[in-house]
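Trainee: Take this structure first; my questions come after.
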Amino acid sequence: MKKADVIKLPSMPLGSPSYPAGPYRFIDREYMVISYETDPEAIRTQLPEPLEPADQAIVHYEWIRMPDSSGFGDYTESGLVIPCRYKGADYNFVSQMYLDDDPPIAAGREIWGFPKKYAHPKLEVVHDTLTGTLTYAGQTVAMGSMGYKHHSMTGNGDRTVATLSKTQINLKIIPSVTGEPEICQLVAINLTEIVPKGSWSGPGRLHLVPHVNAPVADFPVRHVIGAHHFIADLTLPYGRVLYDYTKAEAEQESEEKRILMAGE
């Protein structure tokens, strides 16, 4: 294989790449998001500097059903998202993610730094209840439930679009072959081409169980604020480096200014 052909490979291994080149389109992507209050110290412990906690100690626990994903197929995901701030702007830090399909695990970690681990999440309608479960190593570590389509959020899908449009931040860590941190960055991603297809609110409940390798219960549920169920088509494009831990502060600030000026 020629060097030019090697460079064009979207991923490893050479003979059968784990995933194709992006961007990636998702059809009928279905969410159940349960928002709740937790301990402020839990957020501070799990939020990497220079990110800062939001005013309220709120966490969003998500189940996402993805039946039609270009390059990735059909899979389900579950995890925790923490609202935060960086230089005065509001972001969502993706803290933990668990899913049941190898290609999006590999791509998510290698490209964007999504904190993906293999597990068995499930989102389904059982009679009058939208239910979500997460099983890791044979043990149930998360259970969520929501009244099925109690309140239709009418209109043009503004809330769904706003929820999905908010910039997500991941901590991307890829070590060098020497064991040193080759890549250690905060990566920002913005979903695009969002087409809302339905949005509902209703009562919700969430139960998290302590587990050493799926520590979702490290963010204890103090009070459930609400639940949001929605369906949308969207595109996951490539992201951008927001902060590089391997650079000196002066070099980091210079790079941020360059990116800002290029965006203008």
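The values are calculated or read from the model by the stated rules, or taken from the named source; none is laboratory data. Everything numeric here is computed off the predicted structure, so don't read it as measured data. Counting neighbours? That spans all protein chains shown, and the Cβs are built from the backbone with ideal geometry, glycine included. Note: areas computed on protein heavy atoms with side chains; ligands, DNA, RNA excluded. Shrake-Rupley method; radii C 1.70, N 1.55, O 1.52, S 1.80 Å.
Trainee: Sort 130-136, 102-108, 86-92 by the packing proxy (mean of other Cβ within 10 Å over each peptide's residues), most packed first.
Mentor: The packing order, highest mean first, is 130-136, 102-108, 86-92.
Trainee: Suppose we keep just the DSSP beta bridges with both residues in the stretch 86-224; what percent of those would be antiparallel, to 5?
Mentor: Numbers: 31 of 36 bridges.
Percent antiparallel among DSSP bridges in the stretch 86-224 is about 85.
Trainee: Here's something else I'd like to know. Could you grab the relative contact order for the stretch 16-143? Cα pairs under 8 Å, six or more apart, rounded to a whole percent. It would help to have the intermediate numbers written out before the result.
Mentor: Working: 258 pairs, mean separation 25.0, N = 128.
Result for the stretch 16-143 is 20 percent.
Trainee: Using a 1.4 angstrom probe on heavy atoms only, work out the carbon and sulfur share of the accessible area of the stretch 161-224 in %.
Mentor: So the carbon and sulfur contribution to the accessible surface is 57 percent.
Trainee: If you put +1 on each Lys and Arg Cβ and -1 on each Asp and Glu Cβ, how big is the dipole of the stretch 180-243 around its Cα centre, in Debye rounded to 20?
Mentor: 380
Trainee: Could you compute the net charge surrounding ASP102? Neighbours are other residues with a C-beta less than 14 Å from the C-beta of ASP102; K and R count +1, D and E count -1.
Mentor: After counting each charged neighbour, the total is -2.
Trainee: Same structure again: Return one whole number: the accessible area per residue of the chain in Å², for a 1.4 Å probe.
Mentor: With the other protein chains kept in place, the chain gives 51 Å² per residue.
Trainee: Still on this structure, please answer the following. Compare the Cα positions of SER152, PRO175, VAL141 along the charge dipole of the stretch 91-192 (+1 at Cβ of Lys, Arg; -1 at Cβ of Asp, Glu; about the Cα centre) and return the one farthest towards the positive end.
Mentor: Looking along the dipole axis, the top candidate is SER152.
Trainee: For the stretch 1-82, with the dipole built from +1 on Lys and Arg beta-carbon atoms and -1 on Asp and Glu ones, taken about the Cα centre, which of GLY73, MET12, TYR36 lies farthest toward the positive end?
Mentor: MET12
Trainee: With unit charges on the beta carbons (Lys and Arg positive, Asp and Glu negative) and the dipole taken about the Cα centre of the chain, which residue among VAL59, ASN213, PRO237 sits farthest to the positive side?
Mentor: Going by the charge dipole, the pick is PRO237.
Trainee: Compute, for the chain, the length of the dipole vector about the Cα centre, with Cβ point charges of +1 (Lys, Arg) and -1 (Asp, Glu) only. Units Debye, rounded to 20. Provide the component values of the computation, followed by the final result.
Mentor: Working: 24 positive and 33 negative charges, 73 e Å.
Charge dipole, the chain, about its Cα centre: 360 debye, nearest 20.
Trainee: Could the peptides 139-152, 2-15 be put in order, highest first, of the mean number of other beta-carbon atoms found within 10 Å of their residues?
Mentor: 139-152, 2-15
Trainee: Okay, next question. Compute the distance in nm between two label points, each set 7 Å from the Cα along the Cα-to-Cβ direction, one at LYS149 and one at ARG85.
Mentor: 4.0
Trainee: What number, rounded to the nearest 500 deg cm²/dmol, is the helix-based mean residue ellipticity at 222 nm of the chain, given -39500 (n - 2.57) per DSSP H run of at least four residues and division by all its residues?
Mentor: Estimated from H runs of four or more residues: -4500 deg cm²/dmol.
Trainee: What is the sum of charges, Lys and Arg at +1 and Asp and Glu at -1, for the other residues whose Cβ falls under 9 Å from the Cβ of CYS84? Each step should come with its number before you reach the end.
Mentor: Values: positive: ARG85; negative: GLU52, ASP90.
Once positives and negatives cancel, what remains is -1.
Trainee: So what's the net charge close to LEU206: Lys and Arg +1, Asp and Glu -1, counting the other residues with Cβ under 12 Å from its Cβ?
Mentor: Value of the local net charge: 0.
Trainee: So how tilted is helix 249-263 from the main axis of the chain? Cα-based, degrees 0 to 90, rounded to 10.
Mentor: 80
Trainee: DSSP beta bridges in the chain, what fraction antiparallel, as a percent rounded to 5?
Mentor: In the chain, DSSP labels about 95 percent of beta bridges as antiparallel.
Trainee: How big is the charge dipole of the stretch 103-171 about its Cα centre, in debye rounded to the nearest 20, if each Lys and Arg gets +1 on its Cβ and each Asp and Glu gets -1 on its Cβ?
Mentor: Computed about the Cα centre, the dipole is about 160 debye.
Trainee: Provide the packing ranking of 175-186, 61-72, 219-230, i.e. peptides ordered by the mean count of other C-beta atoms within 10 Å per residue, highest first.
Mentor: 61-72, 219-230, 175-186
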